[in-house]
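Following: one structure in C-alpha cells, then a few remarks.
The values are calculated or read from the model by the stated rules, or taken from the named source; none is laboratory data. Please read these numbers as outputs of a predicted model, since none were measured by experiment. All Cβ positions, glycine included, derive from the backbone under ideal geometry; neighbour counts span all protein chains shown.
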C-alpha cells in the first residue's frame with residue numbers, strides 16, 4: 001500500500017513538468033525524462049501505470065510530445081522523441097507499445113504522427129518518420145516502418161496493409177462509425 005502511494009505521489013510531482021496541463025488521469029509510475037522539450041496532454045486522456053516518456057531535444061531545437069484529448073496510453077508504453085511525436089484525439093494505445101522517434105543510435109527519419117481515432121495493439125513498435133492515418137488499426141506485435149493509410153488494418157514485421165476498413169466493415173465488426181472530423185462522437189442513446 002505504501003509503495004503504491006509513493007508511486008502515485010512521484011507521478012503527481014512529474015505531472016507538474018507537463019507544459020500544457022489539463023485534467024487527465026495519471027496512474028502511478030509515470031517516468032518522464034525531459035531535456036529541452038515540452039509535453040502536452042489533452043483533457044480526459046488516461047496514462048496507465050509505468051508509462052515512460054523521454055523528450056530529448058537540443059537547446060536550439062526543442063523536442064515535443066503532444067497527446068490529444070480522450071486518448072489512452074497503456075501500461076509500460078514508451079514514447080521517445082528527439083523532434084516531435086504527435087498523438088491525436090481518441091487514440092487507444094495498448095500496453096508495451098514503443099514509439100521511437102528517437103532511437104539514440106541514428107538520426108531521426110522524421111516526426112511520428114498518430115492521427116485521430118487510431119487503435120494500436122500490444123507490443124507494437126512505431127519507428128520514426130511514420131504517420132498512422134485516421135481510423136487505422138495496428139495489429140499486436142507489428143513493426144511499423146512506413147506510413148499507414150487511413151482506415152486500414154496493418155500487421156506483421158514489417159507491417160503491411162491487411163484490410164481496408166469501410167463503414168460497412170466497421171458496422172459488421174460491431175465498431176462505432178468514425179465521427180466527422182472536428183466533431184466529438186455522441187454517446188449512444190443520447191440526442
### Summary
Out of (1) within 25 Å of residue 29 (Cα to Cα); (2) in contact with a strand residue (DSSP E or B) (Cβ under 9 Å, 6 or more places away or on another chain); (3) in a loop (DSSP other than H, G, I, E, B), the one residue 75 does not meet is (2)
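Would you be able to tell me the number of residues in the stretch 50-74 that are farther than 14 Å from residue 87 by Cβ and either under 11 Å from the mean Cα position of the chain (by Cα) or touching a residue at least 40 places away in the same chain (Cβ under 8 Å) (or both)? Let's see the steps before the verdict.
So the first thing to find is which residues in the stretch 50-74 are farther than 14 Å from residue 87 by Cβ, and the list is 50, 52, 54, 56-63.
If we keep only those that are either under 11 Å from the mean Cα position of the chain (by Cα) or touching a residue at least 40 places away in the same chain (Cβ under 8 Å) (or both) as well, we get 54, 56.
Of the residues in that region, 2 qualify.
Can you tell me which residue is farthest from residue 170 (Cα to Cα) among those in the stretch 97-112 that are surrounded by fewer than 19 Cβ atoms within 10 Å (Cβ to Cβ) and in contact (Cβ under 8 Å) with a residue 12 or more places away in the chain?
Keep residues of the stretch 97-112 that are surrounded by fewer than 19 Cβ atoms within 10 Å (Cβ to Cβ), which gives 98, 103-107, 109-111.
Those left that are additionally in contact (Cβ under 8 Å) with a residue 12 or more places away in the chain: 98, 103-104, 109-111.
Working: 98: 27, 103: 35, 104: 39, 109: 33, 110: 31, 111: 29 Å.
Among residues in the stretch 97-112 that are surrounded by fewer than 19 Cβ atoms within 10 Å (Cβ to Cβ) and in contact (Cβ under 8 Å) with a residue 12 or more places away in the chain, the one farthest from residue 170 (Cα to Cα) is 104.
Yes or no, residue by residue, for (1) touching a helix residue (DSSP H, G or I) at 6+ places or on another chain (Cβ under 8 Å); (2) assigned to a strand (DSSP E or B); (3) buried (at least 17 other Cβ atoms within 10 Å of the Cβ); (4) at pLDDT below 90:
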| site | (1), (2), (3), (4) |
| --- | --- |
| 39 | no, yes, yes, no |
| 43 | no, no, no, no |
| 50 | no, no, yes, no |
| 54 | no, yes, yes, no |
| 66 | no, yes, yes, no |
| 70 | no, no, yes, no |
| 85 | no, yes, yes, no |
| 90 | no, no, yes, no |
### Query
What residue, among those in the stretch 97-108 that are under 11 Å from residue 84 (Cα atoms) and assigned to a loop (DSSP other than H, G, I, E, B), is nearest to the chain's Cα centre (by Cα)?
101
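Let's see how each residue does on (1) closer than 23 Å to residue 31 by Cβ; (2) modelled with pLDDT of 95 or more; (3) touching a strand residue (DSSP E or B) at 6+ places or on another chain (Cβ under 7 Å):
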residue: 95; (1), (2), (3): yes, yes, no
residue: 98; (1), (2), (3): yes, yes, yes
residue: 106; (1), (2), (3): no, no, no
residue: 139; (1), (2), (3): no, yes, yes
residue: 146; (1), (2), (3): no, yes, no
### Task
Examine the stretch 109-119 for a residue that is modelled with pLDDT under 95 and over 24 Å from residue 181 (Cα atoms), and state whether such a residue exists.
yes
### Message
For the stretch 112-143, give me each residue that is more than 14 Å from residue 157 (Cα to Cα) and within 11 Å of the chain's Cα centre (by Cα).
### Response
112, 113, 114, 115, 116, 117, 118, 119, 120, 132
